[in-house]
């Protein structure tokens, strides 16, 4: 197996971040766990959002975690892919809308 910088086994070590700063680590995990509880959005919906965001920020640990979490919550692969396409469309649109900045600069420099 080829070695990569990303080691999937490291995801299981995430909870250990509290070892070097217990106070802040505990506060983070209290917040993190609260965010994913049922609220105005269900935990299932939040898991799907997290999966889409994970792809947008390209976090392989998050992709692994929320793919598994989504499957456990009954999210179907078609729903996951549709969420990924939403993320891709937003990310692509964000790149393209910055083209207006380029267009403005070209117009300014061409005067």
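Residues of region 53-89 with an amide N closer than 17 Å to a point placed 7 Å from the Cα of residue 96 along the Cα-to-Cβ direction: 85-89. Pick from 70, 15, 88: which residue has the top mean-square fluctuation in a GNM of the chain where Cα pairs under 10 Å get a spring? Greatest mean-square fluctuation among the candidates belongs to 15.
Hey, in the GNM for the chain with a 10 angstrom Cα cutoff, which one of 48, 71, 24 fluctuates hardest? Top of the fluctuation ranking is 24.
Compactness check for the chain: Cα Rg over 2.2 N^0.38 Å is 1.44. For the chain, averaging the sequence separation of C-alpha pairs within contact (under 8 Å, six or more residues apart) and dividing by the residue count gives a relative contact order of 21 percent. From the P(r) of region 48-91, could you give the percentage of C-alpha pairs in the tail past 12 Å? Pairs farther apart than 12 Å: 51 percent.
Values in this text are rule-based calculations from the coordinates and carry no lab data. In this text the structure is predicted, and so the values were computed from the model without any measurement. Reconstructed Cβ throughout: ideal geometry from the backbone, glycine too, with neighbour counts over all protein chains shown.
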